[in-house]
Amino acid sequence: MDMSSTYREAASVLREAEALVITAGAGMGVDSGLPDFRGDHGFWKAYPMYARLGINFIGAANPEHFEQDPGFGWGFYGHRTNLYRETVPHHGFHLLQRWQERLAGESFVVTSNVDGQFQKAGFPEDHILEVHGSIHHLQCLKPCSMAIWPNGETILVELTTMRAEHIPLCPHCGSVARPNILMFGDYSWLANRSHAQEERFDMFLGRNRQRRLVVIELGAGSAIPTIRHLSERLGQRPGVRVIRINPREAHIGSPHLSLPVGALEGLTGIDACLPAG
């Protein structure tokens, strides 16, 4: 498929942008080597030990494990913590940073990913909204308070059993700690950190209401459509253009643009049509 004209139009839209919103789902991390857990078989390919146990992603990402068997609960999230710490953000992150620097106005990142890859790539913390929280922050399982603290734990995991050899504890009450992530069927997630980020994003939108806003959506699917819905809501505002980059579910109505490719390929194709320097 020849997408050269779409790449050129996307580059033209970006050149005229006065403010930029980057929205990202799990597909953004695929080019860095991270699994996207698309469907049960995609999850089991990344975690074959759960296939043997008959547990899918929804079953693994459940806060009940921390109450019933915290070693097993932290097996999954400890492994993910280690994986995200070791992962190097792909070149697409750096292309986005370069585009941000060219803008006369502001930019903001909104992501459903809990991996902290945007911060790791150097995006400013106060211009990131993590709608489902972050694996790099912890809270009390109960919770005993509204405290959220950085995840500085070293969590070794026995891969044959997916059990953690160390259980993080709450420094305030001594009970089990858990990641500050919105899980499936969650009833104790502390959302105050994400709510503070959301307030900063709302202020960003208010400051840039009269500016030409461009949304670049990356790897956000329809299975958990939080990010897609946000992009489309923003795209309904007068003058806002959305560039949707997704290898499987790229469609979006005019005047917005669809690029049916992966995040890195799409960003690289647009960048090739932008002026150098």
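Overview of results
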| quantity | calculated |
| --- | --- |
| Cβ-based charge dipole, the chain, positive-most Cα from Leu95, Leu218, Gln236 | Gln236 |
| Length gained when the stretch Arg85-Asp2 is fully extended (0.36 nm per residue, less Cα-Cα span) | 26.2 nm |
| Estimated inter-spin distance, Leu159 and Glu16, nm [label 7 Å along Cα→Cβ] | 5.1 nm |
| Radius of gyration, Dmax [segment 35-164; alpha carbons; angstrom] | 16.8, 53 |
| Rounded to whole Hz, the Karplus (6.51, -1.76, 1.60) HN-Hα couplings of segment 82-90, x for glycine and proline | 5, 4, 5, 5, 7, 6, 9, x, 6 |
| Mean residue ellipticity (222 nm) of the chain, computed from DSSP H runs ≥ 4 via -39,500 (n - 2.57), nearest 500 | -10500 deg cm²/dmol |
| For segment 69-81, 3J(HN,Hα) per residue [Karplus equation, 6.51 cos²θ - 1.76 cosθ + 1.60, θ = phi - 60°, Hz, x = Gly/Pro] | 7, x, x, 6, x, 6, x, 5, 6, x, 5, 5, 4 |
| Ranked His251, His94, criterion: other C-beta atoms within 10 Å, fewest first | His251, His94 |
| Isolated Cys residues of the chain, judged by Cβ distance under 4.7 Å to other cysteines | Cys273 |
| Prolate/oblate/rounded label for segment 88-207 (Cα gyration tensor, a/c 1.5) | oblate |
| In sequence order, calculated HN-Hα J values of segment 8-22 (Karplus, 6.51, -1.76, 1.60; Hz; x Gly/Pro) | 5, 5, 4, 5, 5, 4, 5, 4, 8, 5, 10, 7, 9, 10, 9 |
| Hydrodynamic radius of segment 133-277 per Kirkwood, over alpha carbon pairs, in Å | 18.6 Å |
| Nearest-20 debye value, segment 118-173 charge dipole, Cβ charges on Lys, Arg, Asp, Glu | 140 debye |
| Rounded FRET efficiency, nearest 0.05, which uses the C-beta distance separating Leu169 from His229 and R0 of 45 Å | 0.75 |
| Ranked list, fewest to most other Cβ atoms within 10 Å of each Cβ, for Ile22, Ile216, Ile252 | Ile252, Ile22, Ile216 |
| Residue exposure sequence - Glu249, Glu101, Glu130 - by fewest surrounding Cβ within 10 Å | Glu101, Glu249, Glu130 |
| Cα centre as origin, Lys/Arg/Asp/Glu Cβ charges: segment 153-215 dipole, Debye | 560 debye |
| Relative contact order (percent, whole number), the chain, Cα cutoff 8 Å, 6+ residue spacing | 26 percent |
| Fraction of beta bridges assigned by DSSP in the chain that are antiparallel (%, nearest 5) | 35 percent |
| Segment 160-230 and segment 109-125: distance between their alpha carbon centers, rounded to Å | 11 Å |
| Given charges at beta-carbon only (K, R positive; D, E negative), |dipole| of segment 48-171 in Debye | 240 debye |
| Relative packing of peptides 260-266, 192-198 - highest average C-beta neighbours within 10 Å first | 260-266, 192-198 |
| Shape of segment 37-86, Cα gyration tensor, a/c cut at 1.5 | oblate |
| Whether the chain is rounded, prolate or oblate, judged on the alpha carbon gyration tensor where a/c under 1.5 counts as rounded | prolate |
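Every read-out reported here was derived from the displayed coordinates using simple, explicitly stated rules and does not represent laboratory data. None of the values given here were measured: they were computed from a predicted structure. Cβ atoms come from the backbone with ideal geometry, glycine included; neighbour counts cover every protein chain shown.
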